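Asks: Have a look at this one.
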Amino acid sequence: MFGIFHFLRKIRNSKYRDSNKSVASRVNNSLSKKLSDNLQYLNQLFDMAPDLVIRHIHSDQGAVYAALVYLDGMTDKNSIENNILRDLARGKAPNEVSVGSIKQTSEWKQIEYDILDGQSVLFVDGQPKATVYCTQGWPQRAVEESTVETSIRGAHEGFVETRSQNIAMIRRYIPNRELKIKELIVGLRGKTKVSILYLGDVANPDILKELETRINKIDIDAIMNTGELAEFIEDNPYSPFPQLILTERPDTAASHILQGRYIVVVDKSPTVMAAPAHFFTFLTSVDDHNSRWMIASFTRILRFIAAFISLFLPAVYIALISFDYEVIPVQLILSIAETRSRVPFPPILEAMLMEITIEMMREAGIRLPAPIGQTIGIVGGIVIGQAAVQAGIVSNIMVVVVATTAIASFLMPNYDMGAAIRLLRFPMMLLASMFGIVGIVIGAIALVAHLVALESFGTPYGSPLAPWRFADMKDMFIRVPIWAMIKRPKSTDNIQAIRQNKHRGDEDS
Amino acid sequence: MKKDAKSGITFMQFIFIIHGSQLGTGIFSLPKDLAEHAGTDGWISLILGWSLSVIASIVIVLIFRKFPNDTLPELMIRLFGKIIGKVLIVPVIFYFAFFVWTILTSAMMFIKQWFLPMTPDFVVMLLLIAPGFLVARKSLRILGRYCELVFYIMMVMFFLFLFPIGDSHWIHLLPILKEGWFPVFQGVSSSVYSFLGFEIVFFIYPYLQKKQMAIRGVVIANTITLLYYLEVTLICFAFFSPDGITEYNQPVFNLLKIIDFDFLERIDMLFLAIYLFEVSTTWLPFTFGTLLSLGLLFGTKNTAPSASVLFLLIVVLVFFIHPSWNQNAEWMLFIGTAGIGFAYVFPVFLYLYVLVFNRLRRSESL
């Protein structure tokens, strides 16, 4: 029975996959000597592609002796017109044309790929070889600051959608020949170039091997974004926590490389991915190493408190109000009871109502264009907040709780981690409404157990807290002065730990 | 079974697993138990109990020194042959499983009494077990990390107990040895129960990465436990009157009740809820032992199915039995007696046997 199933699946897969089988079956894989044959085959290959330009080049006698083929829009017109065509018209040989990168090939598959990649290909009559000029030039946007990860004092450039530019931006931070770049291709139709960047003498080769195997295993039409790639290769897909760091900032990416991590740059995506990641890396922000260390430590502690608040505060409120009111002092419980006296709902319903409203406002704020987005705040803050209390739908205390929670959740520097914590708030609230404080503690135990069990590319996710790595604590709850962080974080499992030798200059003298 | 470096546990994790499995719900009634036998000299019994448990754990380590890659069931099979060895594992499995059961039921009853009197037993039990399942089906390494993290979380507890110091009367402790040594020795029995849990070394020793540190590890683990017990006992003795302490079933709670802040009252309730973390590190190592032995008995490495069966069994049993405090006390007594046999007496005999066994084997090979 399984045999039949397997056979059917094979048929389905072959139907679905083989995009170029009809052409490929008829013609062999190498070029013909005759130009007309090659052009005819090319026309078959790129059937229904009006953006394919075939520019015939005439000899002095008027006969066609060569043809330049490229995809309009994917190429840099300047370079084709001013360099290739002009030089060819002047009678220069194909490999003397003044273009940066030239290569020759006789493989149709390679040619097809190169044309689709934005290069231009010159076929010459009588030669079973084609010359490929690097003339890539697709629409690009300028380098701008990332809107998601902003920093006060850090660099104001963010990644763009072109891989080579992104790599260049990272290389500007680490101009070292130990910065290795490994190229892979993902996707059957998309053929997205994926590059792994790392420091050859620092990063752990086991992780690279694992990373490569996982990326090579991906078998899909195309990937659009780094997030898709991340979902394919992360360790535990059933976890709410992000296990790979996604960033849009070259300085963050470079600092991850220097800490011994691997960076994965995906073509066509302005986000890059860093691995291995740990829970506490998601709570650090770009500005932490850029502002004075006491202030950075303070904001970091604030962030941890905020994570706690945004995870537990509504749940604790529900638990205390509906189960364990003995814990609250009498004065406070009286005032809470007063504001709650007009509210007909049980606390869980009240909290859910407000939390979901806030979440909807947040989502609406993202989708709307910026000028309208601001009104969301006014509508949400004034209308929902004040009017809901006056209408007796929610209590004042609840508004305070929900607003505090929302603000606390904005402190999360990483969007994915913030989203995970926001999401986990709801099960916590449910547990609290069913079992009170015990429910919250049970939820917390489950959370701790999950965090401890998670791994990111063979390195423990809870590091440096569990397993305890005291040396790494220098950059966790507090951020000690940069000159005191002599070693790279151990949690990245690197093979060369020393990152600086000298302490502050004036200490030696 | 291969214990590679990746599934191994660090020295710290070794300590915290042992410490975690020692410190359970017993701490709440420990001062009362000690006071009943030894009066305010109970803390001396505690130290005596500690030295006994340290000796026993060292003996266990000495046994395994000779067979560094074996856990207890594997050692049994090596020493007594496949069939007798497997038969001998069965009581061990029962002991460990029963330990899990006793801890869980007592934790369940604490929760029911203090927080959720109306919730059915089995629901509370499910609640307790559910997060444990996440850890129990994973490797020992995960359990080690978990115990480590929980230890750090629960360090707050140590300082919380110091709050009532201002209201205590240290004069209650004097005179030392007012009734001589005899009551103190009587108290040793109840303190020895409290140190039960170090027998987990039977299972985790082969996973320890630095085996030469093992003896240091067990001593440190027992000492940390002793510090907690000593702190609680001394403060309870000093806080309550020597006669009054035996009137409370769980004097530690009555002690915590008097701590209160302006913004929070009833610290004892919050404390008990958070103490569930500590409870989870008590029963999880024992679950690990049970699952490991079961796996060896049936020849599978995958612990997830046996974990599900074990947990389901516990929930179903709770559903039908409806444990009461008295029943639980009986079970405690039973597991305590069995534990003394298993953790204190058995290692000594096993050690002697191992010595003889090695002598015989050496002479055979000669």
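The values are calculated or read from the model by the stated rules, or taken from the named source; none is laboratory data. These numbers were taken from a predicted model, which means no experiment stands behind them. Quick reminder, even Gly has a Cβ in these numbers, built from the backbone with ideal geometry, and neighbours come from all protein chains shown.
Asks: Just need a number here: residues in region B:120-132 that are crowded, with 19+ Cβ neighbours inside 10 Å, farther than 22 Å from B:Phe14 by Cα and at the interface with chain A (Cβ under 7 Å from one of its Cβ atoms).
Replies: Final tally of qualifying residues: 1.
Asks: Okay, moving on. Please give the strands (runs of 3 or more DSSP E) falling wholly within region A:75-136 in which 2 or more residues are loosely packed, with under 14 Cβ neighbours inside 10 Å, assigned by the TED database to the domain that holds A:Asp51 and not aliphatic (A, V, I, L, M).
Replies: Working: elements: A:102-105, A:120-124, A:130-133.
The strands (runs of 3 or more DSSP E) meeting that bar are A:102-105.
Asks: Next up: In region B:50-79, which residues are in a helix (DSSP H, G or I), out of contact with any Phe, Trp or Tyr (no Cβ under 7 Å at 6 or more places or on another chain) and crowded, with 16+ Cβ neighbours inside 10 Å? Write out each step before concluding.
Replies: First pass over region B:50-79, keeping only residues in a helix (DSSP H, G or I): B:50-66, B:72-79.
Within this subset, residues satisfying the condition of being out of contact with any Phe, Trp or Tyr (no Cβ under 7 Å at 6 or more places or on another chain) are B:51, B:54-55, B:58, B:65-66, B:73-74, B:76-77.
B:Val54, B:Ile58, B:Pro73, B:Glu74, B:Met76, B:Ile77, listed by residue number.
Asks: Sticking with this structure for a sec: Would a scan of region B:157-177 turn up a residue that is in a helix (DSSP H, G or I) and within 14 Å of chain A (Cβ to nearest Cβ)?
Replies: Yes, because at least one residue in region B:157-177 is in a helix (DSSP H, G or I) and within 14 Å of chain A (Cβ to nearest Cβ).
Asks: Just checking, which of A:Leu424, A:Leu431 is buried (at least 21 other Cβ atoms within 10 Å of the Cβ), part of a helix (DSSP H, G or I), at pLDDT 85 or above and more than 8 Å from chain B (Cβ to nearest Cβ)? It would help to see each step written out before you state the result.
Replies: Numbers: A:Leu424 fails: buried (at least 21 other Cβ atoms within 10 Å of the Cβ).
Result: A:Leu431 is the single residue among A:Leu424, A:Leu431 that is buried (at least 21 other Cβ atoms within 10 Å of the Cβ), part of a helix (DSSP H, G or I), at pLDDT 85 or above and more than 8 Å from chain B (Cβ to nearest Cβ).
Asks: Moving to a separate point now. Got a number for residues in region B:279-304 being more than 16 Å from B:Phe202 (Cβ to Cβ), free of Cβ contacts under 8 Å to residues at least 40 places away in the same chain and of a type outside the set (Phe, Trp, Tyr)?
Replies: Residues meeting the conditions: 3.
Asks: Scan (1) farther than 20 Å from B:Gly20 by Cα; (2) crowded, with 20+ Cβ neighbours inside 10 Å for the single condition B:Thr102 breaks and write down its number.
Replies: Condition not satisfied by B:Thr102: (1).
Asks: Here is a list: A:Ile185, A:Ile215, A:Ile207. Which entry is over 21 Å from A:Ala277 (Cα atoms) and touching a strand residue (DSSP E or B) at 6+ places or on another chain (Cβ under 8 Å)? Break it down stepwise before answering.
Replies: Details: A:Ile215 fails: over 21 Å from A:Ala277 (Cα atoms); A:Ile207 fails: over 21 Å from A:Ala277 (Cα atoms).
After applying the criteria, what remains is A:Ile185.
Asks: Regarding region B:42-57, can at least one residue be identified that is among the hydrophobic types (A, V, I, L, M, F, W, C), over 30 Å from B:Lys178 (Cα atoms) and more than 14 Å from chain A (Cβ to nearest Cβ)? Lay out the reasoning, then the answer.
Replies: Our first condition is that a residue be among the hydrophobic types (A, V, I, L, M, F, W, C); within region B:42-57, this holds for B:43-44, B:46-48, B:50, B:52, B:54-56.
After this cut, where a residue has to be over 30 Å from B:Lys178 (Cα atoms) as well, the list is none.
Checked region B:42-57: no residue is among the hydrophobic types (A, V, I, L, M, F, W, C), over 30 Å from B:Lys178 (Cα atoms) and more than 14 Å from chain A (Cβ to nearest Cβ).
Asks: Test each condition in (1) surrounded by 14 or more Cβ atoms within 10 Å (Cβ to Cβ); (2) modelled with pLDDT of 85 or more; (3) not hydroxyl-bearing (Ser, Thr, Tyr) for A:Val27 and report the one that comes out false.
Replies: Status for A:Val27: all satisfied but (2).
Asks: Among the residues of region A:478-491, is any touching a helix residue (DSSP H, G or I) at 6+ places or on another chain (Cβ under 6 Å) and closer than 19 Å to A:Asn236 by Cα?
Replies: yes
Asks: Name, by its number, the condition in (1) touching a helix residue (DSSP H, G or I) at 6+ places or on another chain (Cβ under 7 Å); (2) buried (at least 21 other Cβ atoms within 10 Å of the Cβ) that does not hold for A:Arg303.
Replies: Just one mismatch for A:Arg303, condition (2).
Asks: For B:Arg266, work out the one condition from (1) buried (at least 21 other Cβ atoms within 10 Å of the Cβ); (2) closer than 12 Å to B:Trp114 by Cβ; (3) within 12 Å of another protein chain (Cβ to nearest Cβ); (4) not aromatic (Phe, Trp, Tyr) it doesn't fulfil.
Replies: (1)
Asks: Same structure again: Looking at B:Thr282 and the list (1) within 30 Å of A:Pro329 (Cα to Cα); (2) within 14 Å of chain A (Cβ to nearest Cβ), which single condition is not satisfied?
Replies: (1) is the only condition that B:Thr282 fails.
Asks: Related question: Determine which single condition A:Trp468 fails, assuming it passes every other condition in (1) among the aromatic types (Phe, Trp, Tyr); (2) without any contact (Cβ under 8 Å) to a residue 60 or more places away in the chain; (3) surrounded by fewer than 17 Cβ atoms within 10 Å (Cβ to Cβ).
Replies: (3)
Asks: Return yes or no: is B:Val135 among the β-branched types (Val, Ile, Thr), assigned to a helix (DSSP H, G or I), touching a Phe, Trp or Tyr at 6+ places or on another chain (Cβ under 6 Å) and facing chain A (nearest Cβ under 10 Å)?
Replies: On the way: among the β-branched types (Val, Ile, Thr): yes; assigned to a helix (DSSP H, G or I): yes; touching a Phe, Trp or Tyr at 6+ places or on another chain (Cβ under 6 Å): yes; facing chain A (nearest Cβ under 10 Å): yes.
Spelling it out, B:Val135 is indeed among the β-branched types (Val, Ile, Thr), assigned to a helix (DSSP H, G or I), touching a Phe, Trp or Tyr at 6+ places or on another chain (Cβ under 6 Å) and facing chain A (nearest Cβ under 10 Å).
Asks: While we're looking at this one, here's another question. Would you mind stating whether A:Ala155 is at pLDDT 85 or above, among the aliphatic types (A, V, I, L, M) and either surrounded by fewer than 17 Cβ atoms within 10 Å (Cβ to Cβ) or touching a Gly at 6+ places or on another chain (Cβ under 6 Å) (or both)?
Replies: Details: at pLDDT 85 or above: yes; among the aliphatic types (A, V, I, L, M): yes; either surrounded by fewer than 17 Cβ atoms within 10 Å (Cβ to Cβ) or touching a Gly at 6+ places or on another chain (Cβ under 6 Å) (or both): no.
No, not satisfied.
Asks: Quick one: is A:Arg469 charged (D, E, K, R) and outside the structural domain of A:Ala315 (by the TED database)?
Replies: Values: charged (D, E, K, R): yes; outside the structural domain of A:Ala315 (by the TED database): yes.
Yes.
Asks: Name the single residue that is nearest to the other protein chains (Cβ to nearest Cβ) among those in region A:321-344 being within 27 Å of A:Gln386 (Cβ to Cβ) and part of a loop (DSSP other than H, G, I, E, B).
Replies: A:Ile328
Asks: A further question follows. For A:Pro489, only one of the following conditions fails: (1) closer than 23 Å to B:Met12 by Cα; (2) within 14 Å of chain B (Cβ to nearest Cβ); (3) in contact (Cβ under 8 Å) with a residue 24 or more places away in the chain; (4) not charged (D, E, K, R). What is its number?
Replies: That leaves (2) as the condition not met.
Asks: If you don't mind, another one. Quick check on this structure: which one of B:Phe110, B:Phe98 is part of a helix (DSSP H, G or I) and closer than 24 Å to B:Lys301 by Cα?
Replies: Details: B:Phe110 fails: closer than 24 Å to B:Lys301 by Cα.
Going through B:Phe110, B:Phe98 in turn, the sole match is B:Phe98.
Asks: Taking B:Asp268 as the residue in question, decide whether it is in contact with a Pro (Cβ under 9 Å, 6 or more places away or on another chain) and on the phi < 0 side of the Ramachandran plot. Talk me through it step by step, then tell me what you get.
Replies: Working: in contact with a Pro (Cβ under 9 Å, 6 or more places away or on another chain): no; on the phi < 0 side of the Ramachandran plot: yes.
In short, no.
Asks: Restrict the check to region A:394-405 and report whether at least one residue is over 16 Å from A:Phe312 (Cα atoms) and either in a helix (DSSP H, G or I) or not assigned by the TED database to the domain that holds A:Phe323 (or both).
Replies: Here is the first cut: in region A:394-405, the residues over 16 Å from A:Phe312 (Cα atoms) are A:394-396.
Keeping just the survivors that are either in a helix (DSSP H, G or I) or not assigned by the TED database to the domain that holds A:Phe323 (or both) gives A:396.
The answer is yes; a qualifying residue exists.
Asks: If you don't mind, there's one more thing I want to ask. Which is surrounded by 20 or more Cβ atoms within 10 Å (Cβ to Cβ) and either modelled with pLDDT under 85 or under 24 Å from A:Pro240 (Cβ atoms) (or both), of A:Ile407, A:Ile318?
Replies: Values: A:Ile407 fails: surrounded by 20 or more Cβ atoms within 10 Å (Cβ to Cβ).
Result of the check over A:Ile407, A:Ile318: A:Ile318.
Asks: Tell me which residues, restricted to region A:190-224, are crowded, with 20+ Cβ neighbours inside 10 Å and without any contact (Cβ under 8 Å) to a residue 60 or more places away in the chain.
Replies: Residue satisfying the conditions is A:Ile223 alone.
Asks: Further question on the same structure: Going through A:Val452, A:Val441 one at a time, which residue ends up being in contact with a Phe, Trp or Tyr (Cβ under 6 Å, 6 or more places away or on another chain), in a helix (DSSP H, G or I), within 13 Å of chain B (Cβ to nearest Cβ) and not small (Gly, Ala, Ser)?
Replies: Details: A:Val441 fails: in contact with a Phe, Trp or Tyr (Cβ under 6 Å, 6 or more places away or on another chain).
When all the criteria are applied, what remains is A:Val452.
Asks: Quick one: B:Leu127 ticks every box in (1) touching a Pro at 6+ places or on another chain (Cβ under 6 Å); (2) of a type in the set (A, V, I, L, M); (3) under 24 Å from B:Gln250 (Cβ atoms) except a single one, so which number is it?
Replies: The number of the failed condition is (1).
Asks: Looking for whichever is assigned to a helix (DSSP H, G or I), within 17 Å of the chain's Cα centre (by Cα) and either more than 25 Å from B:Met108 (Cβ to Cβ) or away from chain A (no Cβ under 14 Å) (or both) here; the options are B:Leu234, B:Leu255, B:Leu276, B:Leu230. Which one fits?
Replies: Working: B:Leu234 fails: within 17 Å of the chain's Cα centre (by Cα); B:Leu255 fails: within 17 Å of the chain's Cα centre (by Cα); B:Leu276 fails: either more than 25 Å from B:Met108 (Cβ to Cβ) or away from chain A (no Cβ under 14 Å) (or both).
Selected residue: B:Leu230, the only one of B:Leu234, B:Leu255, B:Leu276, B:Leu230 that is assigned to a helix (DSSP H, G or I), within 17 Å of the chain's Cα centre (by Cα) and either more than 25 Å from B:Met108 (Cβ to Cβ) or away from chain A (no Cβ under 14 Å) (or both).
Asks: Also, quick follow-up: How many of the residues making up region A:455-486 are at positive phi and more than 9 Å from chain B (Cβ to nearest Cβ)? Steps first, answer last, please.
Replies: Start the filter on region A:455-486 by keeping residues that are at positive phi, which leaves A:457-458.
Checking the rest, the ones that are also more than 9 Å from chain B (Cβ to nearest Cβ) come to A:457.
Going through region A:455-486 one residue at a time, the tally reaches 1.
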